[in-house]
Amino acid sequence: MKNRYVEIMDSTLRDGEQTNGVSFLPHEKLVVARKLLKGVNVDRIEVASARVSEGEREAVSMICRYASQIGRLDRVEVLGFVDGGKSVDWIADCGGKVINLLAKGSLKHCTHQLHKTPEEHVADILREVAYAHERGLAVNLYLEDWSNGMKDSPEYVYQMMDALVGNSHSASAPQAISRFMLPDTLGVMNPLQVIDYFRKMTSRYPDVHFDFHAHNDYDMAVSNSLAAVYSGARGLHVTVNGLGERCGNAPMASVQAILKDHFHARTSIVESQLNDLSRMVESFSGIAVAPNQPIVGENVFTQVAGVHADGDSKDKLYYNELIPERFGRKREYALGKNSGKANILKNLEELGLELTPEQTRRVTQRITELGDKKEIVTQEDLPYIVSDVLKHDAAEDKVKLVSYVVSTAYGLKPGANIKVEINGRQYEGSAVGDGQYDAFVKALRYIYKKNLDRTFPILANYSVTIPPGGRTDALVQTVISWHYNGGILRTRGLDADQTEAAIKATFKMLNIVENAL
C-alpha cells in the first residue's frame, strides 16, 4: 500500500446532484468543475448523465470547452447508457471524450429490468463500445448493482467480465474498455465483503483497472472505499461533502485524509483547497455541512475542553496528523462552560489581549455563566465580555446606532434611514435595497464611503436560527461572517426581531474593526 497511487474520481456534479432537492445551474457546474480540475486537482470528474435536459447539455458543453482549454478534457466523464448510440452522440456533440457506460452487474438487473439474456446484454454493450470508439470516445464501464451481483449471481459477473475483458485485450481492439467501475449501488456492503469480492475480481483479472463506487446507506462508504483500495482497487469515486442519492457517497475529504495518513497512499489531491471546495458546494447545493463532519465541519478543529487547550500548549499533547492548516483551516478554542482558563488564554493570545490572573479568572467565570444559560460565545465576543467584566471605559463602543427607520411597502423596494455615531461624531444615510437589512447595510456603506472614505467589510455568509419549539415572539439568532483584511470575522446578534438581530451582529463587527484601527 505504501506510496501506491490511487486515482480519485469526483462525481459531485452527477451522483451528487441526485441528492434530494439538489439541482446545480450550468454556471454553478462550471465553477465547481474548474475548482475540482485546477484547484483541487482531482484525476477525473463525472459531470452529468447524458440526454437528461438542455440545461445539462449546456453545462457539459461549457465544462468540456474549459477542460479543453487547460488540456484536461480527458479527465471529464459523462454517464451514458446502452441505448443504440444516442448517449454516445449526445456526449460527442457536447465535446466530451469519455463515456462512463452503464451496464448491468447483477443477473437480476439484467433479466428483470432489461428482459435480456446475459449474452444479449454483452452483445449490446460491445456494439455501444465499438460505436463510442468510432466517435472518438474512451469508454469506462459501470457494472451497476455489482455488489448484489457478487452476492447473488457471481457466475453472471464473471461471464460478463470474461466477455468484456476479452474484448478489451483482444488484438483488434486493445483497451476498448479503459476501466471497470464496480459500484455498491444500494450501499449494502460491509468492508469484509468488499475485501472478499474485490480479491476475487483482482485475482481473476489482474491486469484490469478497477474503480470502486461506494454508497453510504449503512454509514460505511468510507470504510468500504478503503477496503477496496486495500484489496486492489486502483480508483475511488467520491463526492464533495458526501452528497449523493439517499444517504450519499463517500466524502472526498475523509477518503483523502485516510488514504494519506493510514495507508500512506499517494493521490493528486491538493488538500489545502478542500475546505474552500466544501464551502462552495455547500452554497450551491443548499445542503449544509454537519458541524461535526470530519475535515470540513465547522467544529472539527475546535477544542472545547479546557484540558485539551492546556495540553496543546504543552508540546501539542492533543494534536494528531489532521493539522487544520493542512486543509486551509486553523485550530480554534471554544468558549463555554467547559472552556476553562486554558481555552480563554488561547483566545486572548490570538486577539493580542493580556489580562492579569485575577482578570482571567473573572472572565472565565462570566463565560461559564453564559454557557450554563446555553449562550453561544465566539472569539469575537470575547473583547466585549472582557470589557463588561472589567468595566473599562476605554473599551466602550466606538460605533453606536443612534436611530434608524426601515420600511417596506407593496410594490416598492424596502428603504432605510439611519443615524450612527462613530468616534463621537454623528452621520446620517439612507438607501433602498432588496430587503430591510440589505437597505440598512447599503445606508451604512454610504456613510462609511462618503464621510470616512473607508472600505466596508464584505458579507461572506448569513444564517438565521430560531430555538426549537419557538413561539411567534421567539428569539432569533443571526450569525454573519464578513471578509476583512484577508480573514473572516464572525459575529452574532440575538433579538426577537430578525432585522434587529442582524443589525446587532453588524455593529459588533464594526466595533471590532474600529478597535483594531
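So here's what we get for this one:
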read-out: Options 60, 98, 42, 32: the member that is in contact (Cβ under 8 Å) with a residue 24 or more places away in the chain, in contact with a helix residue (DSSP H, G or I) (Cβ under 6 Å, 6 or more places away or on another chain) and β-branched (Val, Ile, Thr); value: 42
read-out: Options 473, 497; residue that is within 13 Å of residue 437 (Cα to Cα), at pLDDT below 85, out of contact with any helix residue (DSSP H, G or I) (no Cβ under 7 Å at 6 or more places or on another chain) and surrounded by fewer than 20 Cβ atoms within 10 Å (Cβ to Cβ); value: 497
read-out: Of the criteria (1) within 36 Å of the chain's Cα centre (by Cα); (2) without any contact (Cβ under 8 Å) to a residue 60 or more places away in the chain, which one residue 119 fails; value: (1)
read-out: Selection within region 405-423 - open to solvent by 20 Å² or more (accessible area, probe 1.4 Å) and more than 25 Å from residue 513 (Cβ to Cβ); value: 407, 408, 409, 410, 411, 412, 413
read-out: Selection within region 138-171 - at pLDDT 95 or above and β-branched (Val, Ile, Thr); value: 139, 157
read-out: Yes/no for residue 147 being open to solvent by less than 50 Å² (accessible area, probe 1.4 Å) and of a type in the set (Gly, Ala, Ser); value: yes
read-out: Residue in region 1-34 that is farthest from the chain's Cα centre (by Cα), counting only those that are charged (D, E, K, R) and more than 12 Å from residue 63 (Cβ to Cβ); value: 2
read-out: Complete set of residues in region 35-54 that are part of a helix (DSSP H, G or I) and more than 23 Å from the chain's Cα centre (by Cα); value: 54
read-out: Residues (open to solvent by less than 10 Å² (accessible area, probe 1.4 Å), under 16 Å from residue 177 (Cα atoms) and part of a helix (DSSP H, G or I)) located in region 72-100; value: 88
read-out: Among the candidates 236, 277, residue that is modelled with pLDDT of 95 or more and touching a Lys or Arg at 6+ places or on another chain (Cβ under 6 Å); value: 277
read-out: Residues within region 266-297 that are surrounded by fewer than 18 Cβ atoms within 10 Å (Cβ to Cβ) and on the phi > 0 side of the Ramachandran plot, tallied; value: 1
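For (1) hydroxyl-bearing (Ser, Thr, Tyr); (2) buried (at least 18 other Cβ atoms within 10 Å of the Cβ); (3) in contact with an Asp or Glu (Cβ under 8 Å, 6 or more places away or on another chain), each residue gets a yes or a no:
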| site | (1), (2), (3) |
| --- | --- |
| 9 | no, yes, yes |
| 15 | no, yes, yes |
| 27 | no, no, no |
| 30 | no, yes, no |
| 44 | no, yes, yes |
| 48 | no, yes, yes |
| 59 | no, yes, no |
| 70 | no, no, no |
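The values are calculated or read from the model by the stated rules, or taken from the named source; none is laboratory data. Quantities reported herein were computed from a predicted structural model and do not represent experimental measurements. Here Cβ is always computed from backbone atoms with ideal geometry, including for glycine, and neighbour counts include all displayed protein chains. When the accessible area is computed, the model is the full protein with side chains, heavy atoms only, and any ligands, DNA or RNA have been set aside. Shrake-Rupley method; radii C 1.70, N 1.55, O 1.52, S 1.80 Å.
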